[in-house]
Amino acid sequence: FREPHESSIVEVVKGLDSSDEAVKRVVDLMGDLGKRSVVCKDSPGFISERLLIAYINEAAQALGEGISSPEDVDLIMSKGTAETMGPLEFADELGLDRCLQSMKLLYEKFCDSKYRPAPILVRYVEGNRLGKKSGRGFYVYDEQEPKT
């Protein structure tokens, strides 16, 4: 979900007509650029987006149901899974509009309720709460740290 230049790992997508040789050349090129590669077939969302969007959506759903605060959702998921940030803070980093767009696409392609956007996410995007880029999403941002 991060741009390839921002990540140490990339997804190499093997299309229907991609040869094994072409895929190997791309994997080798990525290695030369210092990046690890994961090969996957051409499918909506590939690997990372499919998993990440479901994760973010479930966190948003839990927040919308009042299960806990954004801070506590992110704390349990960041510290409990050894991630650098929780799903709500990560969604704010990516942009809630971008997350919503991906959810809608995956829901359309798979007709699976795990990708049906959480109502709170839809409300936030409709209210221009897009995350860091708008100064407010699941958190309110100043120049340094997220705050609720």
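The values are calculated or read from the model by the stated rules, or taken from the named source; none is laboratory data. On a predicted model such as this, the values are computed, not experimentally measured, just so you know. When we count neighbours, we look across all protein chains shown, and the Cβ atoms used for this are built from the backbone with ideal geometry, even at glycine. Calculation scope for accessible area: heavy atoms of the full protein, side chains included, ligands and nucleic acids excluded. Shrake-Rupley method; radii C 1.70, N 1.55, O 1.52, S 1.80 Å.
List of remarks:
- The residues in segment 1-27 that are in a helix (DSSP H, G or I) and either among the polar types (S, T, N, Q) or open to solvent by 70 Å² or more (accessible area, probe 1.4 Å) (or both) can be counted, and the count is 7.
- Number of the exception - Ile67 against (1) in a helix (DSSP H, G or I); (2) of a type outside the set (D, E, K, R); (3) more than 23 Å from Glu11 (Cα to Cα): (1)
- Selection of segment 87-126 for residues being polar (S, T, N, Q) and touching an Asp or Glu at 6+ places or on another chain (Cβ under 9 Å) yields only Ser102.
- Among residues of segment 94-127, those that are more than 17 Å from Leu51 (Cα to Cα) and of a type in the set (D, E, K, R), counted: 3
- Sole residue being more than 24 Å from Glu3 (Cα to Cα) and under 17 Å from the mean Cα position of the chain (by Cα), chosen from Ala118, Ala60: Ala118
- Checking each residue in segment 28-64 for being part of a helix (DSSP H, G or I), within 19 Å of Cys111 (Cα to Cα) and open to solvent by 70 Å² or more (accessible area, probe 1.4 Å) picks out Arg50, Leu51, Tyr55, Glu58.
- The criterion of at least 3 residues that are more than 25 Å from Pro44 (Cα to Cα), open to solvent by 80 Å² or more (accessible area, probe 1.4 Å) and not acidic (Asp, Glu) is met, among helices (runs of 4 or more DSSP H) falling completely within segment 70-148, by 70-81.
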